[in-house]
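Student: Below: one structure in structure tokens.
The values are calculated or read from the model by the stated rules, or taken from the named source; none is laboratory data. In this text the structure is predicted, and so the values were computed from the model without any measurement. Positions of Cβ are backbone-derived with ideal geometry, glycine not excepted, and every protein chain shown enters the neighbour counts.
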Amino acid sequence: MYSLALQAGKIHARPHIPMLREDNVRKGFLTAEAFEAVRAKLPMALQAVVTFAYITGWRLASEVLPLTWRNVDWDHEVVRLDPGTTKNREGREFPFTVVLRTLLNAQLAEHE
């Protein structure tokens, strides 16, 4: 925007706007095959948790593990993170996929 204003002669100099430093940038993603190989070596009790994290891309310790059934909206088929529980402090929703729906149904059956 400043470049256009500079070209049009509306301003005489473009201000320096420093970029914000990014903390905790995600890297090192697994392919589906690599994920399945890792998951197969985990105890059964952990497989659903890491599968949920892999599908959603949510942080395991701070976003996935604190979830309760009230975060699952079966009517709208989304899982919600409440505002204040995410890195940017904003809420977030993830729509059900076929695999996620199957996973959640299995977890609900086990819970009941």
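Student: When the stretch 80-95 is examined, which residues are found to be in contact with a Leu (Cβ under 7 Å, 6 or more places away or on another chain) and surrounded by 14 or more Cβ atoms within 10 Å (Cβ to Cβ)?
Tutor: Arg92
Student: Would it be correct to say that Arg89 is among the basic types (Lys, Arg), assigned to a helix (DSSP H, G or I) and either in contact (Cβ under 8 Å) with a residue 40 or more places away in the chain or farther than 18 Å from Val50 by Cα (or both)?
Tutor: So Arg89 fails the test.
Student: Is it fair to say Val79 is closer than 16 Å to Ala53 by Cα, in a helix (DSSP H, G or I) and in contact with a helix residue (DSSP H, G or I) (Cβ under 8 Å, 6 or more places away or on another chain)?
Tutor: no
Student: What single numbered condition from (1) under 18 Å from the mean Cα position of the chain (by Cα); (2) without any contact (Cβ under 8 Å) to a residue 24 or more places away in the chain fails to hold for Ala48?
Tutor: Result: Ala48 fails condition (2) only.
Student: I need a count of the residues in the stretch 58-85 that are hydroxyl-bearing (Ser, Thr, Tyr) and within 15 Å of Leu103 (Cα to Cα).
Tutor: Summing the residues that are hydroxyl-bearing (Ser, Thr, Tyr) and within 15 Å of Leu103 (Cα to Cα) in the stretch 58-85 gives 1.
Student: If you don't mind, another one. Name the residues in the stretch 26-70 that are part of a loop (DSSP other than H, G, I, E, B) and either surrounded by 10 or more Cβ atoms within 10 Å (Cβ to Cβ) or in contact with a strand residue (DSSP E or B) (Cβ under 8 Å, 6 or more places away or on another chain) (or both), would you?
Tutor: Leu30, Leu42, Gly57, Trp58, Arg59, Leu65, Pro66, Leu67, listed by residue number.
Student: Something else: Filter the stretch 1-46 down to the residues that are under 22 Å from Val64 (Cβ atoms), modelled with pLDDT under 85 and not acidic (Asp, Glu) and list them by number.
Tutor: Hits for the stretch 1-46 are Asn24, Val25, Arg26, Lys27, Gly28, Phe29, Leu30.
Student: How many residues does the stretch 92-110 hold that are under 15 Å from Tyr54 (Cβ atoms), in contact with a Ser or Thr (Cβ under 9 Å, 6 or more places away or on another chain) and either in a loop (DSSP other than H, G, I, E, B) or not β-branched (Val, Ile, Thr) (or both)?
Tutor: 3
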